[in-house]
Amino acid sequence: MTAILLAAEEEPSPILPHTSEIILGLIAFGLVLWVLWKYAVPRFEQAYKERTEKIEGGIQKAEQAQAEAEQALHKYTAQLAEARADAARIRDDARIEAEQIKEELRAQAQEEANRIVAQGRAQLEAQRAQIVAELRADLGRHAVELASRVVGESLEDEARQRGTVDRFLDELDAVSAPARN
């Protein structure tokens, strides 16, 4: 048994590595660790820092764009409200102006109608006066003829004829005036 133990001591253990391997492994691990720490870790840190800055910059840009969009929205809303107010004011002004124009046209039409009526009355009065004058002349002539026949005397004297006719017509007007009222 001792021989087995001695033989076992000489054979390397499959579980425990040899001491020189452990030392060589530690030196290689330290060397790899130092190379990684010296060259790879700063690059990873640099890439991580750049990525963080890009993300933060993107967030800031997004927040800034959001703020600008909100300002633009407020500005647009204010302009829209102002445009609507201007449109309402213009519409009200147009409505008032239309009413004024309509009133002016109505007044002009009334004045024109009054002028036409007055002109018509003046023409009617002139025609009436002309007709009355013609009727007086006709009536006077017929009255003189009739009176000449009745009296048997000639009433050819024009001054006398007119005086007689005018007196007769004045009496006729005086009689017919109370009947009209």
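What's the FRET efficiency of R106 with R141 using the Cβ-Cβ distance as r and R₀ = 45 Å, to the nearest 0.05? It comes out at approximately 0.30.
Put a dot 7 Å past the Cα of A88, heading toward its Cβ, do the same for E45, and the two dots end up 6.5 nm apart. Given R0 = 41 Å, the distance between the Cβ atoms of A65 and L24 translates into a calculated FRET efficiency of 0.10. Placing unit charges on each Cβ (+1 for Lys and Arg, -1 for Asp and Glu) gives the chain a dipole about its Cα centre, and among A122, S13, A69 the Cα reaching farthest toward its positive end belongs to A122.
Using 0.36 nm per residue and subtracting the Cα-Cα separation, the extra length available between W34 and A129 on full extension is 20.4 nm. Recomputing mean projected area of the Cα convex hull in nm² from the coordinates shown identifies the correct label among [x] 28.8; [y] 9.7; [z] 34.0 as [z]. Membrane-span-like helices of the chain, defined as complete DSSP H segments with a Cα extent of 15 Å or more along the helix axis and a mean Kyte hydropathy of at least -1.0, are identified as 19-35, 41-151, 158-180.
We did not get these values from a lab; they are worked out from the coordinates using the rules stated. Remember, predicted model here, so these are calculated numbers, not experimental data. Every residue, glycine as well, gets a Cβ built from its backbone with ideal geometry; the counts of neighbours run over all protein chains shown.
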